[in-house]
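The values are calculated or read from the model by the stated rules, or taken from the named source; none is laboratory data. Quantities reported herein were computed from a predicted structural model and do not represent experimental measurements. So basically every Cβ, Gly included, is an ideal-geometry build from the backbone, and we count neighbours across all protein chains shown. SASA here: full protein model, heavy atoms, side chains in, ligands and nucleic acids out. Shrake-Rupley method; radii C 1.70, N 1.55, O 1.52, S 1.80 Å.
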There are 2 protein chains.
Amino acid sequence: MSTIKYLSQTEAINVDQELFNEYGFSVDQLMELAGLSVAISIVKSYSEQSFKDGTTLLVCGPGNNGGDGLVAARHLKLFGYKPVIHYPKQGKGQLFQNLVTQCLKMDITFISEHQQLNWNDITIVVDALFGFSYRPPVRAEFYDILSNLTKIKCPLVSVDIPSGWNVETGPSDDGGKTPVLQPDCLVSLTAPKQCATHFGGRFHWIGGRFVPPSLAKKYQLNLPNYEGTEQCLRIK
Amino acid sequence: MSTIKYLSQTEAINVDQELFNEYGFSVDQLMELAGLSVAISIVKSYSEQSFKDGTTLLVCGPGNNGGDGLVAARHLKLFGYKPVIHYPKQGKGQLFQNLVTQCLKMDITFISEHQQLNWNDITIVVDALFGFSYRPPVRAEFYDILSNLTKIKCPLVSVDIPSGWNVETGPSDDGGKTPVLQPDCLVSLTAPKQCATHFGGRFHWIGGRFVPPSLAKKYQLNLPNYEGTEQCLRIK
């Protein structure tokens with residue numbers, strides 16, 4: 001029996017490019033499905049009422065990983081959670097502006113770095129800072145944010161990649177230049193990346209159920225079968 | 001207790017416009033969620049293996065209703081169904097071209113009007129011809145298609161509106177100028193339209209779970225609560 005493939009960074013980038021260039025998908029479409037699957041994975045991992053009653057903090061980076069986080073925030077709101085967003089550096093272009101507008105109009109609060117945050121109220125933190133195109137070490141402007149994420153007491157959920165990790169080799173061994181996250185939950189989008197073999201948390205999900213069979217075959221993804229109409233699948 | 005609102009045509013158009021103009025959504029995003037909810041509603045209504053083994057024919061019009069159908073076809077394919085598409089008049093613009101490319105690259109066949117279709121193989125037909133901006137009578141070029149849809153023996157699923165119906169008053173009483181569909185399943189998107197009170201089939205679903213609470217409040221939609229992370233809700 002074939003086992004699920006863990007993608008190299010180059011493979012992850014190529015799969016992504018093919019979805020847009022060969023299969024004709026728009027970023028809007030796939031980000032919507034990816035973010036939805038992240039939100040559903042969070043609900044399935046942390047369904048107790050206490051998680052819903054508290055605040056879910058989503059920390060979003062300037063790229064598409066951050067966009068997935070913004071979409072997830074919107075769906076979490078519809079699912080009855082209480083998302084707030086920290087978005088220190090907004091992505092460029094109309095898409096990201098629209099995603100921010102959608103969240104604001106759904107009464108989701110954006111908090112600034114210096115804003116007083118009652119950490120006692122926060123029951124889930126979502127790391128949507130960097131995705132599969134990231135390479136360590138982390139840039140100075142994000143160091144403090146990553147460092148803070150290593151200190152939280154509630155569950156940490158990483159979108160696609162634990163931010164700061166090398167996409168292939170995992171936790172960065174760069175002498176402390178990059179703080180090392182240890183998420184409790186990882187939502188791999190389309191297919192897991194090689195670094196996911198180092199994931200030590202409780203919940204590992206696959207999301208982003210939009211991969212055409214011919215693309216899965218070309219890259220020998222050997223994706224496990226999603227059940228019914230589910231948008232995510234737990235593999236650990 | 002408040003009951004769910006059935007929208008007039010003007011209200012439906014206004015809700016749609018606000019989603020794009022005020023809430024900053026793109027058509028790509030909402031069509032993806034709408035089409036996904038249509039596909040899930042179909043799976044939940046017709047889950048027996050015999051439906052999956054047969055062919056699901058989606059008849060798509062040139063507007064956004066047809067676009068929802070194209071998205072639904074793609075998700076049905078991922079859910080293990082066997083969709084084929086009849087798309088007699090393609091919608092204008094890049095979005096529709098992309099939706100067609102996505103389906104073709106997922107090995108979904110487009111059939112022409114004159115192509116021999118083995119109706120014995122077809123187990124579900126999806127009517128995605130016209131949506132909430134339609135006004136009868138039907139244009140001549142679509143008469144035969146609608147007429148054929150009145151004669152099918154398998155379940156008919158209408159997306160948002162049974163095509164040919166008046167959005168408010170329902171089955172068109174225009175002396176036979178517009179064939180009258182009687183779907184077995186109706187998937188109302190965002191909120192039901194007034195014509196849905198005339199729906200006599202077995203399955204009535206609400207889909208398109210993306211309506212911001214403030215918009216629902218403004219139009220007093222009184223939407224029932226979706227369960228958990230479900231993307232559709234059966235109301236009949």
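Below, the figures for the structure above:
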{"read-out": "Label-point separation, A:Ser112 to B:Lys5 (7 Å along Cα→Cβ), nm", "value": "3.7"}
{"read-out": "Surface share of carbon and sulfur [accessible, 1.4 angstrom probe, percent] for chain B", "value": "47"}
{"read-out": "Pseudo-label separations to other copies for A:Lys44 - Cα-to-Cβ vector, 7 Å, nm", "value": "1.6"}
{"read-out": "Candidate residues B:His75, B:His86: accessible-area rank, largest first, probe 1.4 Å", "value": "B:His86, B:His75"}
{"read-out": "Lys, Arg +1 and Asp, Glu -1 on Cβ, resulting dipole of region B:9-234 about Cα centre, debye, nearest 20", "value": "160"}
{"read-out": "Where region A:9-234 is the region considered: accessible area per residue in Å², 1.4 Å probe", "value": "40"}
{"read-out": "Low-density loop positions, trypsin sites (Lys or Arg not before Pro), region B:132-206 - DSSP coil, at most 16 other Cβ in 10 Å", "value": "B:Arg139, B:Lys151, B:Lys153, B:Lys177, B:Arg202"}
{"read-out": "CD proxy at 222 nm, helix term only [per DSSP H run n ≥ 4: -39500 (n - 2.57); per residue of the protein assembly as shown; nearest 500]", "value": "-10500 deg cm²/dmol"}
{"read-out": "Mean Kyte hydropathy of 0.5 or more with a Cα span along the axis of at least 20 Å, helices from DSSP in chain A", "value": "A:27-45"}
{"read-out": "Nm distances between copies for A:Gln94, ranked from closest, using label points 7 Å along Cα→Cβ", "value": "0.9"}
{"read-out": "Interface residues, region B:76-112 - accessible area loss of 40 Å² or more versus chain alone, probe 1.4 Å", "value": "B:Leu78, B:Phe79, B:Gln102, B:Lys105, B:Met106"}
{"read-out": "Closest approach to the axis - chain A beta-carbon, rotation onto B, Å", "value": "A:Asp28, 2"}
{"read-out": "Accessible area buried at the B-A interface, both sides summed, 1.4 Å probe (Å², nearest 100)", "value": "2800"}
{"read-out": "Coil-residue GluC sites (Glu not before Pro) of region A:28-124, DSSP, other Cβ within 10 Å capped at 16", "value": "A:Glu48, A:Glu113"}
{"read-out": "Exam field: B:Ala216 pseudo-label spacings to other copies (7 Å along Cα-Cβ), nanometres", "value": "3.3"}
{"read-out": "Cα-Cα over 21 Å, subset of A:Lys82/B:Lys193; A:Lys82/B:Lys217; A:Lys44/A:Lys218; A:Lys92/B:Lys105; B:Lys44/B:Lys92; A:Lys218/B:Lys105", "value": "A:Lys82/B:Lys193; A:Lys44/A:Lys218; A:Lys92/B:Lys105; B:Lys44/B:Lys92"}
{"read-out": "Cα lying deepest toward the dipole's positive end in region B:132-236, options B:Ser147, B:His204, B:Ser133, charges on Cβ", "value": "B:His204"}
